[in-house]
Amino acid sequence: MIEPAPRRPRILLVDDNRPLVENLAEILVEAGYSVRSAGSCADALALAVDGFDVALVDLKLPDGDGTALAQRLKDLSPTGEVVLLTGFATLESAMAAVRAGACAYLVKPCATQELLVTVEQAMRQVRLHGDKQALAHKAQMAEKLAAVGTMTAGLSHEIRNPLNAALLQLTVLERRVQRLVGELQGPLLEPLVLVKDEIRRLDHILEDFLQFARPREFVPHPVDLCQVVSRVLDLLAGEAERRSIRLEREFPPGSGDTRVAGEEERLRQVLVNLTLNAMEATPDGGRVRVRCVAEAPDPALGERGTSVAVAIDDSGPGVPPAMRDRIFEPFFTTKAKGSGLGLSIVHAIVSQHGGTVSVEPAPGGGARFLLRLPRLE
Ligand SMILES: Nc1ncnc2c1ncn2[C@@H]1O[C@H](COP(=O)(O)OP(=O)(O)OP(=O)(O)O)[C@@H](O)[C@H]1O
Ligand SMILES: [Mg+2]
C-alpha cells in the first residue's frame, strides 16, 4: 500500500522512580504514544539524540537537576517540548519550569486525564513548531527558486543569441556545400546536418529553461495521471532496456477516477524527472516500479482527502535521512553531470498543482518518491 503508517508521537520519560515511570508509560502507550524512558540525565541525553516530541522530566534526578536537563533537551531538539514533573505544586516549581523553557509542569502522582491533556497540549505546540519550520523552509525554497529563475532566464537568453547566429552560418555553409560536385557533398553534409540537429536540441533545452524561469499562466485541464505515467514509461522503455532495468507499472484495477486538474506537459516533466532519477539511482539489472492509484477519501480530511497518488520505487541505495530535505533544493546534486534542478522543478510544478511530493524508504530497499495531487472534483 502507498500510504505510510502515521508516525506515533515520541515521548521521552525521565524519572528515576521505576514504578512511576512504568505506570506513566503504560497510560501513554495505551493512548497511542511511543515511549522511551531514562532514569538519569546522562541516559536521557543519550536517548534524546534520536529525537523526541515531548519529554516528561523529573525535577530531581540522581545525576543532576531537571531544569538544567530541560534546557539541554530543548537545545538538542528545538521542535520538541518539555513538561517538568514535580513532587510539590509550589510557585517555585512553576517558575523553575518556565525558566527552563518547559511548556508545563505536572504534580506527581498525576491523574491519567491530567497527564493526557498536558501531553496533548504540548504536542499541539510541537506540531506548531513543525508547521513553522516547514513554512520557513518553503519560503527559503521559493526565494532560491526565484533567484534560479531570474538567472536561467538571463543565461538562456544570452546563450540563444550566439546559438542562432551559429545556426544561420551553418545554413549558409550548407548551401555552399550543396553547390559542390556530388561526391564532395556527402562527407561534408553529413557532419553538418549532425551539428545542426545538436544545435536544435540545445535550443529546445533552452526553451524548456525559459519556460521554467518565466512560468506561463497556469491553465488547468482534466488530465488522467495514470495515462501520463503510461506515456512516460513508454518513452523511457528503450533506455530501461538498454540498462536491463525492469520498468514496471502498476495501476490497480478499479481504483477509480485518476484524473487531476493540471497541465499535461508539466505533469509529464514531473514524471520524467522522477522516473529518470529512479533509473539513474538503480544499478543495471535492477527494478523501477511506478504505481498510480486514486486514494479513498480520508474521513479526517473530509472531501479534501481525495487525491491521486503516484509512487516511484527504485532498487538503488535510497536517500539518506539527512539528505531528504536538501534534495529538493535547486542545484543540490550528487551526480557528476547533474544540474540539481530536476527535483526543484518537480517541487515547483507539484506545488503549482496544489499537490505534494516527498521521499521515503521503499519497502524493498531503495527510494520511494511519493507524489499526491488533488483529484478532479
Ligand atoms: N531515486 C533516487 N535515489 C537516490 N537518490 C536520489 C534519487 N532521486 C534523486 N536523488 C538525489 O537527489 C539529488 C537531486 O536530484 P535532482 O533530480 O534534483 O538533480 P540531479 O538528478 O542530480 O540532476 P539533473 O536532474 O539535473 O540531471 C540527486 O543528485 C541524488 O543525489
Ligand atoms: Mg534528476
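The values are calculated or read from the model by the stated rules, or taken from the named source; none is laboratory data. On a predicted model such as this, the values are computed, not experimentally measured, just so you know. Here Cβ is always computed from backbone atoms with ideal geometry, including for glycine, and neighbour counts include all displayed protein chains.
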Identity of the residue in segment 157-173, surrounded by 13 or more Cβ atoms within 10 Å (Cβ to Cβ) and hydrophobic (A, V, I, L, M, F, W, C), that ends up modelled with the lowest pLDDT: 159
Tabulated pairs, segment 205-225, first closer than 16 Å to residue 355 by Cβ, second part of a helix (DSSP H, G or I) and modelled with pLDDT of 80 or more, C-beta under 7 angstrom, 6+ apart or interchain: 218/352; 223/264; 223/267; 225/267
Out of 359, 288, sole residue that is without any contact (Cβ under 8 Å) to a residue 60 or more places away in the chain, in contact with a Leu (Cβ under 7 Å, 6 or more places away or on another chain) and within 16 Å of ligand 2 (Cβ to nearest atom): 288
One residue from 12, 20 being at pLDDT 95 or above, surrounded by 12 or more Cβ atoms within 10 Å (Cβ to Cβ), in contact with a Lys or Arg (Cβ under 7 Å, 6 or more places away or on another chain) and not β-branched (Val, Ile, Thr): 12
Failed criterion for residue 145 (all others in (1) modelled with pLDDT of 85 or more; (2) within 30 Å of residue 349 (Cβ to Cβ) hold): (1)
Sole exception among (1) without any contact (Cβ under 8 Å) to a residue 24 or more places away in the chain; (2) within 34 Å of the chain's Cα centre (by Cα); (3) outside the structural domain of residue 207 (by TED's automatic domain parsing) for residue 98, by number: (2)
Residues (assigned to a loop (DSSP other than H, G, I, E, B) and of a type in the set (D, E, K, R)) located in segment 215-236: 216, 217
Filtered residue count, segment 312-355, keeping only those that are among the acidic types (Asp, Glu), within 15 Å of ligand 2 (Cβ to nearest atom) and surrounded by fewer than 21 Cβ atoms within 10 Å (Cβ to Cβ): 1
Check on residue 305, away from ligand 2 (no atom under 16 Å from the Cβ), farther than 18 Å from residue 226 by Cβ, touching a strand residue (DSSP E or B) at 6+ places or on another chain (Cβ under 8 Å) and modelled with pLDDT under 95: yes
Unique residue being more than 15 Å from ligand 1 (Cβ to nearest atom), modelled with pLDDT of 95 or more and of a type outside the set (D, E, K, R) when the list is 319, 260: 260
Residue list for segment 130-141, filter: in contact with a Ser or Thr (Cβ under 9 Å, 6 or more places away or on another chain) and over 14 Å from residue 331 (Cβ atoms): 130, 132, 133, 138
Hits in segment 96-113 - residues which are farther than 11 Å from residue 71 by Cβ and not hydrophobic (A, V, I, L, M, F, W, C): 105, 108, 109, 112, 113
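Let's see how each residue does on (1) basic (Lys, Arg); (2) touching a Cys at 6+ places or on another chain (Cβ under 9 Å):
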{"residue": "10", "(1), (2)": "yes, no"}
{"residue": "22", "(1), (2)": "no, no"}
{"residue": "27", "(1), (2)": "no, no"}
{"residue": "72", "(1), (2)": "yes, yes"}
{"residue": "75", "(1), (2)": "no, no"}
From 42, 38, 97, residue being under 21 Å from residue 121 (Cα atoms), out of contact with any Lys or Arg (no Cβ under 9 Å at 6 or more places or on another chain) and surrounded by 12 or more Cβ atoms within 10 Å (Cβ to Cβ): 97
Flag if residue 67 is surrounded by 14 or more Cβ atoms within 10 Å (Cβ to Cβ) and either touching a Ser or Thr at 6+ places or on another chain (Cβ under 7 Å) or not in a loop (DSSP other than H, G, I, E, B) (or both): yes
